[in-house]
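Each reported figure results from applying straightforward, stated rules to the coordinates on display, with no laboratory input. Quick caveat: nothing in here was measured; it's all calculated off a predicted structure. When we count neighbours, we look across all protein chains shown, and the Cβ atoms used for this are built from the backbone with ideal geometry, even at glycine.
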Amino acid sequence: MTLKMFKIIKDIVKGKLKMTVGRPLTGSERFLLTSLFSKIDRVATLLVPSNIHPQLLDPNYDFVRLTNNWEANLELFAIMRKRFPTVDAAMPASWLGLAGMGQVEMGTTMRISPMVEPSPDVYALDKMSLEELELPKLEGFLKNQIELIVETQDRYPEMNSPPIVEGSFDLAILLRGEKLFNDFILYKNYVKTTDLAQKEKIKKKGDPTFFPRIMDFATEASIHIGKMYKEQGINMLGCVIVNQYANPPIMSPNDFITYIYPYVESVWKEFKKYRPTAGYMPPSPTVANEISDYRALSGIACFNNYMFPQNEIGLTPDAYDEEMIQLSKELKTPYQYLIHGKFLRDGTKEEIEAQVRKICELAVKNEVPLGLGVAAVPLGTDLTKIDLILNSVEKYGVYK
């Protein structure tokens, strides 16, 4: 057992003992127990560094500097930790955005500019054939990302910083771009029809076998990258396998389960002993309930409000939260509630406090472990609103 794994297990045991004798938890203990659906003293809070525009924290840092220098990421992470010292947990200190997922080392060119998060410029499969793709080596942006997580876990053992592994579908998108959606539709139509004449018509539009072949490669690459993380000494406990593009309106939940989930499960099985969750953003409580039957989709990364419909100020429906809290209680899965960036930027402090109070009191009343985070904080946001959220959790999120 690695020292990092031992530290996490120790935090879990100490946290459970503290809850038994009524002592307050540390941030690490609180977030870990929340993830395990154990009793906690108050709602757990989470900040994802890459969700906060770096210029909001320090004007000396931009995406060019951060993407090419993992030390700069740690410097800015330290600034964020000092600015928000009461946050319970943070994911890896990464402002690399999509740059560090491995696709660059396989051939995709990224657009790196000072003020905008890195995004694909030229996709690998616009420059080469599928047969020419090779699994990535430990170099470039991927090496930066891995070194960053190693250093984050070593320097901040009290923080819960599991690695994020890009899932098969997302990695295929980063190698193929939006053409992957046409590949998928072609494949889906081909396998659904039994009419031979129709199959021939579909084949004239393109290769219906391309989609499963690129998904096979992307699955192999996703597992390969996850193993690289482990080989470099990263603690994989609680790692998240992300498939954020396979969501409505791009893809229906039924299509995701039918055509994408088998690949998701393959990656999940590879890291099963580390209690991974394959992130999927359900568009409603009904879908959240349905996907809970699939073992790779049963964790906290799949039980959140991120993709719920929003009103004009960026709020998701209160009725959905009530349903999710009840489902959380029934399924013994913690609910991860995210304050959307639009609401954080444009909402008044009174509106924000009222919303945090509402969700905290709902969780406390039903004794459901709740994690509360902030999603995609844009330029123009007053960061004292994050202070307000953290203070409101201390005020309204204490379990009796």
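Quick rundown of the values:
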read-out	value
Neighbour-count ranking [beta-carbon atoms within 10 angstrom, fewest first] of Leu344, Leu130	Leu130, Leu344
Percent RCO, i.e. relative contact order, over the chain, from Cα pairs under 8 Å lying at least 6 residues apart	18 percent
Relative contact order (%) - region 264-400, alpha-carbon pairs under 8 angstrom, separation at least six	21 percent
Relative contact order (percent, whole number), region 249-301, Cα cutoff 8 Å, 6+ residue spacing	36 percent
Only Lys, Arg (+1) and Asp, Glu (-1) charged, at Cβ; region 310-370 dipole about Cα centre in debye	220 debye
Fewest-first ranking of Thr194, Thr152, Thr286, using other Cβ atoms within 10 Å as the exposure measure	Thr194, Thr286, Thr152
Most to least packed among 82-88, 363-369 [average Cβ atoms within 10 Å]	363-369, 82-88
Sorted by Cβ density within 10 Å, fewest first, the residues Ser266, Ser222, Ser328	Ser266, Ser328, Ser222
At q = 0.10, 0.16 Å⁻¹, base-10 log of I(q)/I(0) for region 219-352 (Debye sum, equal scatterers on each alpha carbon)	-0.37, -0.86
Potential extension, Phe6-Ala354 segment - 0.36 nm per residue separation minus Cα distance	121.3 nm
Distant-in-sequence amide H partners of Val374 (H built 1.01 Å from N, under 5 Å)	Leu46, Val48, Ile339
Debye, to nearest 20: dipole size of the chain, +1 on Lys, Arg Cβ, -1 on Asp, Glu Cβ	1040 debye
Convex hull per residue volume in Å³, alpha carbons only, for region 1-79	124 Å³
Extension gain (nm, one decimal) between Asn254 and Ser129, 0.36 nm per residue minus Cα-Cα	42.0 nm
Per residue Cα convex hull volume in Å³ - calculated over region 84-239	137 Å³
Order by protection proxy (mean Cβ within 10 Å, highest first), peptides 47-60, 208-221	208-221, 47-60
Rg and Dmax [Cα atoms of region 274-378; Å; Rg one decimal, Dmax integer]	13.4, 41
Distant-in-sequence amide H partners of His53 (H built 1.01 Å from N, under 5 Å)	Val377
Cα-based radius of gyration of region 190-261 once divided by 2.2 N^0.38 Å, which approximates compact folds	1.52
Rounded Å value of the spacing that divides the Cα centres of region 62-95 and region 192-271	31 Å
Helical segments meeting 24 Å axial Cα length and Kyte-Doolittle -1.0 threshold in the chain (DSSP H)	3-21, 210-231, 349-366
Amide hydrogen neighbours beyond the local backbone of Asp41, cut-off 5 Å, H modeled	Leu25
Helix-only [θ]222 nm of the chain, DSSP H runs n ≥ 4, -39500 (n - 2.57) each, per residue, nearest 500	-15000 deg cm²/dmol
Of Lys16/Lys385; Lys342/Lys400; Lys82/Lys137; Lys329/Lys400; Lys18/Lys332; Lys143/Lys272, pairs whose Cα-Cα distance is over 27 Å	Lys16/Lys385; Lys342/Lys400; Lys82/Lys137
Inverse mean reciprocal Cα-Cα distance (Kirkwood Rh) of the chain, Å	21.9 Å
Tensor-based shape of region 26-137 (alpha-carbon gyration tensor, a/c under 1.5 rounded, otherwise prolate or oblate)	oblate
Contour minus Cα-Cα distance for Ala319 and Val122 (0.36 nm per residue)	66.7 nm
